[in-house]
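Just below is one structure, and these are the notes that go with it.
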Amino acid sequence: MSTMIDDRRTLHLRPETGFCEIETAAYIYERLESLMDPSAGDSITTGDDVIDTAAIPGLTQAQLDAAAARALEHGTPKELVEKFSNGRTGIVAEIKGNRPGPVMGLRTDIDGLGVTESDSESHVPTAKGFVSELVGVMHACGHDGHISVALELVKRLTENRDFPGSFRIIFQPAEEGVRGAMVTKASATDGVDIMLGMHLGLSLKVGEVGAGTHGQLATEKTQIDFTGAQAHAAMAPEQGRNALLAACSTALTLHSLPQRADANTRLNVGVLNAGSGLNIIANHATMNVEYRSDTREVLADLKKRVAAVVAGNAQAYGVESEITPLGQATTLLCDQPVIDKCVKAAEGVAGLEKCEDTVLFAASDDVSIFIERVQDNGGEGTFLVVGCSSPGPHHSATFDIDERALPIAADWIENIARS
Ligand SMILES: [Zn+2]
Ligand SMILES: [Zn+2]
């Protein structure tokens, strides 16, 4: 069995959700240590140098501690559990080529999802004995395949350094929920001239690839909290400050914001919880809101308007408000010169039958943040898609990778890196 398939199956057994990818990061790190050569200029960066842990959204210390305990119990070396605990699961690895040239970056997302994997014998990982060992968690988006391809690229590029500049892989936690890129420090992409993302799947068949994508919406996902004052609802309502009403009024007003003639927009208040008893003025309300747009300018404007609606309603009801970011992605504009380079590099790749310039990607991926950072610094980028003929949709119990897609992805990206 090839190392790539072996890696993919090993990783598939132990999927971990965002910021809890300790076993996964340890697996990647041990392999990088064995392949990379600091005396040749290679470097591995981890921990607080990669992730801004103060900004990690939505996880409790208890969840982070449970992830560390689970990794330890499964035999991950203690020093590696410590290295990657508390949400510090990002790794940046850079390999030096033996010719001058640009820095090329590749984002590799490493997290699984809260999905229970199919136990049907028609599901290949179940039939072949590498179904997830962790009930309720699954690599249901192909990120196990992404890691195996990235490790293969490290092997090939360290064995044969005949490529220009350097090749930097950002192993990114928590792509699901678009949480990981926004807390990855800018140093991960600083100096990158060409930034690539790669995703397996998206309903493409094995042998079909896309050198770019279109159709991604920029998005912000937030939690909004209102804090007021409790009071008896009959005896002293005037002493209360009603967080529930502030939240309800906010929800209604927010839904009036997306009406625009100049852009495609969405907004959804998906969760609203408030109050503690029917005869008590509610002193707390919390809501989860996401909004999207196909232009970053309109998204920035929506963000300002959301903040104004929240502040205005808080003032009207005499309560405090707080907005906490939960996730973020921006629009993804792929650069034609990079697309052209990738189309050319697809020539001659075994098993690669069809390369489109661009394919529709009707979801969000926070690799867009890395690509935007690089573009803002004068660089370029694109998002590659490699078909894998999954029998089930992404994020479903029957998602699977036809493993013939893995060498296609590795050969293609190797060609891009060497061109
Ligand atoms: Zn996904
Ligand atoms: Zn994914």
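The values are calculated or read from the model by the stated rules, or taken from the named source; none is laboratory data. The structure presented is a predicted model; accordingly, all values stated were derived computationally and were not measured. Here the Cβ positions follow ideal geometry from the backbone for every residue, glycine too, while neighbour counts run over all protein chains shown.
See the values below:
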| read-out | value |
| --- | --- |
| Residue satisfying all of: in segment 406-419; over 15 Å from LEU151 (Cα atoms) and of a type outside the set (S, T, N, Q); nearest to ligand 2 (Cβ to nearest atom) among these | ILE416 |
| Some residue of segment 361-379 being within 16 Å of ligand 2 (Cβ to nearest atom), over 24 Å from LYS221 (Cα atoms) and in the same structural domain as LEU204 (by TED's automatic domain parsing) | no |
| Residue in segment 328-339 that is nearest to ALA300 (Cα to Cα), counting only those that are at pLDDT 95 or above and of a type outside the set (A, V, I, L, M) | CYS334 |
| Positions within segment 83-139 being more than 16 Å from ligand 1 (Cβ to nearest atom) and crowded, with 24+ Cβ neighbours inside 10 Å, in sequence order | PHE84, GLY87, THR89, GLY90, ILE91, ALA93, ILE95, MET104, GLY105, LEU106 |
| Conditions (1) more than 16 Å from ligand 1 (Cβ to nearest atom); (2) β-branched (Val, Ile, Thr); (3) within 19 Å of the chain's Cα centre (by Cα): number failed by VAL178 | (1) |
| Failed condition for VAL269, given (1) farther than 30 Å from ASN86 by Cβ; (2) surrounded by fewer than 18 Cβ atoms within 10 Å (Cβ to Cβ); (3) free of Cβ contacts under 8 Å to residues at least 24 places away in the same chain | (2) |
| ARG260 being exposed (fewer than 14 other Cβ atoms within 10 Å of the Cβ), under 27 Å from LEU59 (Cα atoms) and without any contact (Cβ under 8 Å) to a residue 60 or more places away in the chain | no |
| Selected residue (criterion: modelled with the lowest pLDDT) from residues of segment 55-72 that are among the small types (Gly, Ala, Ser) and within 19 Å of the chain's Cα centre (by Cα) | GLY58 |
| Lone unmet requirement of (1) surrounded by 14 or more Cβ atoms within 10 Å (Cβ to Cβ); (2) modelled with pLDDT of 95 or more for GLY75 | (1) |
| Selection within segment 192-219 - assigned to a loop (DSSP other than H, G, I, E, B) and surrounded by 24 or more Cβ atoms within 10 Å (Cβ to Cβ) | VAL192, ALA211, GLY212 |
| Any hit, segment 170-180, residues being more than 16 Å from ligand 2 (Cβ to nearest atom) and assigned by TED's automatic domain parsing to the domain that holds ALA40 | no |
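Each row is one residue, and each column tells you yes or no for (1) touching a residue at least 24 places away in the same chain (Cβ under 8 Å); (2) under 20 Å from GLY392 (Cα atoms); (3) in contact with a helix residue (DSSP H, G or I) (Cβ under 8 Å, 6 or more places away or on another chain); (4) within 14 Å of ligand 2 (Cβ to nearest atom).
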site	(1), (2), (3), (4)
ARG99	yes, no, no, no
ASP111	yes, yes, yes, yes
ASP119	no, yes, yes, no
LYS128	yes, yes, yes, no
SER132	yes, yes, yes, no
VAL135	no, yes, no, no
HIS139	yes, yes, yes, yes
VAL149	yes, no, yes, yes
